[in-house]
Structures are given as C-alpha cells and as structure tokens.
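Just below is one structure, and these are the notes that go with it.
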Amino acid sequence: MTYDLNTPGVARLWTHAPDWTAGYRVRRAFLTDIFAARSSREQRRAIRDVPRLSVEYDALVSGDEQRAADQFLRGGMNRPAAMPDFSRFAQTTGGSSLGASALTIASPPAWVAVGQVLILCGAGGVFEAVVVESVAGGTVTLVDPLAHAWPSGSVVRPGLFGLLGQARGTWHKPSATGFALGFNVYPGGEPPEDGGSPSDTFNGLEVLSQEPDWSGPPSMDYVWPVEQIDYGHGRTAQFRPVPQLLGVLEAQFTGLSVASATAIEQVFLRAKGMRGSFYRSTCRPDMVLHADVTGATISVEGSAIADDFGATDFAAVSQAVEIVQRDGTRLRRLVTDIAPSGGNTAITLNASVTLTTATTARISWLPRVRFASDELVTEWITPQLATIRTAFQQVLV
C-alpha cells in the first residue's frame, strides 16, 4: 500500500474541457455524526472540517486530443493527475514573459494560495500548471519559471490534484470520442475556498433567502414521528415525543449566477454540511393577513392555524414567520402565541410590526432547518450559470 503525497508538481496534466451541453458537476461532501434524542432534538458533529471534492463531466475530443486523452488513460490513469476546475477562474492583469516566475492577479481569490497548483489556460489548447510559492498583494510568485509567455487577461483556474476515479469512452467515430469522467480530489489537496460571512441573519442564525425555481417544483416530505407499540393483541399504544413537524423540503435553484451559486455554496461550507442550522422560508403564502395592524399581534384569515397550533408551548417549540412586503422588504419575527380570534387566528410576535393588507405580499412560515444531506452538487450549465438542487431538514435545535 502506498500513499500519494500532496505534491501537485508531479501530477500529469489533464486539460480536456467540458462538453457544456452535458454540464459540469462539482460535488462537495462533508461527514456529520448525528445523535438524535427521542424527541428528535439533535447533537451534530462535523467529522470533516473541509469537504471532499469531486467533479463529473463529459468531454468530447477528436484528432490529436483524442489520441492524447486515450494515451493518458491507458498509460497513467492510476497516477496522480491535475486538471483545471472549469467552474472557477481569475484573469491576469499584467503580462508574464517566458521564463518569468510571477503572475499579476488583482485581488487574488482564496484558491490562489501558497502550495496550490494553478493552471493557465490559453488559446489553441495551450495549458500550463504552476505551483504558488508566495502571494503578496496582486503578485503571485511561482515555484518554477514559466514555460510559455502569458499576456495580460490570461485565464487562470484553480488546479484540482487527485485521481481520475472513473472514465467511460464512447467512440463516435474512429477519430472522435466522448469521455464521461469523474475526478476525485485528494483530501488535503483541495483548493482553498472562501466560506464568506452571512449576508442575512435572524435570531442569531443566518437566513438562506434565495427563492426556489417553481418550474422545477419544490417537494415536501411531511415527517412527524409517532412511536407505536403493538402488544400482539388488542389495541396498539401511541407515544408522541416529537413536538412539531420535521418536514424535509427539496428545492431547486436554477439560472444562478456565479455570485448566487457561490452564496449557496458558502452557506453549505459554513454549516459544515448537515452540522449547522439556519432559517429558510417556505417561500409560500402560508397565511393571509386579515386586517391592517400596528403592534405585536397580527390577525390572519381562518381558524385552522389556531386549531392546529393554539395549544403549542412556544417557549419550548421555536416557530417563526417571514413577512414579505410588496416593495421587497422582509420582516422576520418569532411567534410567541397563537389563539383563535372571532373566526380568525391571532398570532402574537416577539416584536411589533406595521402592516396593511394592501402592501403585504406574503406571510410564510420560517422554520429552522439544516441541510438534509452532507453532499451539495453544483451543476454548471455554462461557465456563468449554475443549478443547485438540495433538501432542507427542519430541526428543533
């Protein structure tokens, strides 16, 4: 048994670009240890501080590229490899001549870091892997001199260092092959990522506020565990130790810009997968404001909410709402009491609001959730547009 060290400089370079009609998928995977009490309250521990990183995509190659790709796989598929991460890039802001040992990148991203491999991507299929020795401002000093001259505006991508985990070639004709590829980055060799900081918070937690794509409809699994004991004869006994619904909401976010996709990825990074919790609105009109109000108690139409939640102890069960105004303003409040009121429902909030029926667009439940999986897949449809489909598990704490 051998261990490959994190030495990107020894890796063979795989450069074949994605067929964007099939997308480019980046998978991040944490590992969470969850201990759940009988009441479904959880203690969650992140086993990985940095997620495992892998990519999957299709590459269509022909001619010389086909021969090079085929020979790469035949002769060295089981050896360390490096490839560009086609989902991220920066550009040089100054030229670098052949033999130079520095690049100029204004405001280098987090993945431009000491010891990391970068891949310069040029016209005509020219690629060059370099290793960062130091970073000072916008000057990136390299371990070895450049083998090519690179003009200002050259594309620089983070290098992924690891193993080609899978590859399947479809021979469309003798000189053209479509490869379906999977690349697993070595743990510890991932390009550094910027976890950022929450842009929106409520009640001491961050809020994931992106609206879902309703054309790829969200789905909800309604989960409320009940313990049932069957003695083998007679009636069964039911115990209800879980104080509220623990729904699992799956949603798709499409047409994401680089910034929007990065924002969701950063929530996932900060949460360490399933470990952390945050608030996520249902994004639906879960209740309708009955009358204008200035104060801490709002009236919503119908008595169904009071019938279902009137006996809830909100000191023990956390519940919150998000109120969206027609001008885009979002108000978030904790619920402290729910009671019937003349055929409608009175909801008492932890702070006053001023609302009118004419200017209130939506009132949604705002549950506290965590990611329902330790894996997050970002599918890049183009280099600038992405889709993320993920699920959120409602939690008690």
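The values are calculated or read from the model by the stated rules, or taken from the named source; none is laboratory data. Computed from a predicted model, the values in this text were never measured in an experiment. All Cβ positions, even for glycine, are placed from backbone atoms using ideal geometry, and neighbour counts span all protein chains on display.
Summary of computed values
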quantity: Only listed residue being surrounded by 14 or more Cβ atoms within 10 Å (Cβ to Cβ), of a type in the set (A, V, I, L, M) and farther than 30 Å from Thr356 by Cβ, chosen from Ala311, Ala263; calculated: Ala263
quantity: Matching option when the condition is among the aliphatic types (A, V, I, L, M), surrounded by fewer than 10 Cβ atoms within 10 Å (Cβ to Cβ) and modelled with pLDDT of 90 or more, among Val207, Val226, Val185; calculated: Val226
quantity: Residue within region 26-46 that is at pLDDT below 95, surrounded by fewer than 18 Cβ atoms within 10 Å (Cβ to Cβ), closer than 25 Å to Gly169 by Cα and not aromatic (Phe, Trp, Tyr) present; calculated: no
quantity: Candidate set from region 376-397 (those that are closer than 30 Å to Pro243 by Cα and in contact with a Lys or Arg (Cβ under 6 Å, 6 or more places away or on another chain)); member that is surrounded by the fewest Cβ atoms within 10 Å (Cβ to Cβ); calculated: Val397
quantity: From Gly169, Gly178, Gly216, residue being touching a helix residue (DSSP H, G or I) at 6+ places or on another chain (Cβ under 9 Å), at pLDDT below 95 and either closer than 20 Å to Lys272 by Cβ or surrounded by 10 or more Cβ atoms within 10 Å (Cβ to Cβ) (or both); calculated: Gly169
quantity: Residue among Leu208, Leu256, Leu269, Leu289 that is in contact (Cβ under 8 Å) with a residue 12 or more places away in the chain and over 30 Å from Pro158 (Cβ atoms); calculated: Leu289
quantity: Matching option when the condition is at negative phi, in contact with a strand residue (DSSP E or B) (Cβ under 6 Å, 6 or more places away or on another chain) and small (Gly, Ala, Ser), among Ala237, Ala259; calculated: Ala237
quantity: Boolean, Phe314 is modelled with pLDDT under 95, over 30 Å from Arg28 (Cα atoms) and either touching a His at 6+ places or on another chain (Cβ under 6 Å) or not assigned by TED's automatic domain parsing to the domain that holds Val353 (or both); calculated: no
quantity: Test: Phe30 is assigned by TED's automatic domain parsing to the domain that holds Ala176, touching a residue at least 40 places away in the same chain (Cβ under 8 Å), among the aromatic types (Phe, Trp, Tyr) and on the phi < 0 side of the Ramachandran plot; calculated: yes
quantity: Filter result for Thr357 (assigned to a strand (DSSP E or B), of a type in the set (S, T, N, Q) and either at pLDDT below 95 or not assigned by TED's automatic domain parsing to the domain that holds Gln244 (or both)); calculated: no
quantity: Gly196 vs. criteria touching a residue at least 24 places away in the same chain (Cβ under 8 Å), of a type outside the set (Lys, Arg), at positive phi and not assigned by TED's automatic domain parsing to the domain that holds Arg67; calculated: yes
